Amino acid sequence: MAGLNWEPFVFLSDTHGDQIDRSAAAKAREFVEDLKPKHRIHGGDLFDLRPLRKGASGEERRERMQDDFIAGQELLEWYRPDTLLLGNHDVRVWEAMDSNCGATATYARDMVIALQGTDDREPLKDFGGLFRNLGIKTLLPYHASKGVYRLGEINMIHGFRATMYPAKAHSENYGPSVICGHVHKCDLHIPRHVDGGMAMSAPCLARLDMSYLDRSVAALAHDNGLIFGVVNNRTGKWEGWFLRRQRGENEWMDPRAKWT
């Protein structure tokens, strides 16, 4: 698919630890192994960490997080991203180190040390632990300005705005070429800009029936899938596409089928 100057990439996001959709993850793994992208980006929400969320139910607060941690690690082991953007769910464990509950603060600190080798309150580029062991070269915090990864002309972020049109909303802040996750839905925006560009919102690999979304009408638009594309290593120009599962079915829409 890629020519001499064109390098394939995958932007895979919102896997949510033990809330991952196993069949969607299996399809993503098959796709990545076939594409062999030069650039592998995880767009954030590697973990779910629902016991740490504000408004967590008593039942959720009693849940253990080992399965969540293990599932996130398993995802990293096969995907092997070179870049990891932390999301709003991931950052909960860093915030929990300041919890008024000693047990929670201790558990959170142990998890942070296991992940990045230190108990710094904000992930740094000089990190160790699990992230370094699995070959992640760039780790960025969940931060509106510091959490931006630049690939060619693309600004890649986890996402900070949950609107009906997230691609358009994020292009207003991050320029005409942006890829985000966060909202679990496919969205595409072509801005009116002299330099062209395109904004894309990525689907997720998490389950579409997570319990805390039972009363969320926004969840009706959630999709399983990922974003892939090519970026020119000379000009920075790029093209991107969705790999998406037809909602309610197990049929995947792969635009590459049109090229063969």
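None of the figures in this text is laboratory data; all of them are computed from the coordinates on show. Keep in mind that this is a model prediction, so the values were computed, not measured. Because the Cβ atoms are built from the backbone with ideal geometry, glycine has one as well, and the counts that use them run over all protein chains shown.
Numbers for the structure displayed
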quantity	calculated
Projected label distance in nm at Ala144 and Thr118, using a 7 Å step from Cα toward the beta-carbon	2.6 nm
Highest-MSF residue in the chain out of Leu46, Leu76, Leu86 [GNM, Cα springs under 10 Å]	Leu76
Least to most buried among His143, His193 (fewest other Cβ within 10 Å first)	His193, His143
Virtual spin-label span in nm between Ser216 and Asn88, 7 Å along Cα→Cβ	0.8 nm
Pair Gln246, Glu30: separation of 7 Å Cα→Cβ label points (nm)	1.5 nm
Size of charge dipole - the chain - debye, nearest 20, with Cβ of Lys, Arg +1 and Asp, Glu -1, no other charges	580 debye
Count, lysine Cα pairs under 16 Å in the range 6-259, 8 or more residues apart or across chains	7
Farthest positive-ward along the range 6-259 dipole, Cα basis, beta-carbon charges - from Ala114, Ile227, Cys204	Ile227
DSSP beta bridge pairing in the range 6-259, given as percent antiparallel to the nearest 5	60 percent
Listed residues Leu52, Ile20, Ala162: farthest to the positive end of the dipole of the chain (Cβ charges)	Ala162
Binned Cα-Cα distance frequencies in the chain - 10 Å width, integer %	7, 32, 37, 20, 4, 0
Per-pair calculated FRET efficiency, R0 = 41 Å: Glu239 and Lys54 via Cβ, rounded to 0.05	0.60
Orientation-averaged projected area, Cα convex hull of the range 1-134 (nm²)	8.9 nm²
Ellipticity estimate at 222 nm from DSSP helix runs (n ≥ 4, -39,500 (n - 2.57)) divided over the chain, nearest 500	-7500 deg cm²/dmol
Full-extension gain in nm, Arg192 to Met164, via 0.36 nm per residue minus C-alpha separation	8.2 nm
Gain in span if fully extended, Met253 to Ser99, counting 0.36 nm per residue against the direct Cα distance	51.1 nm
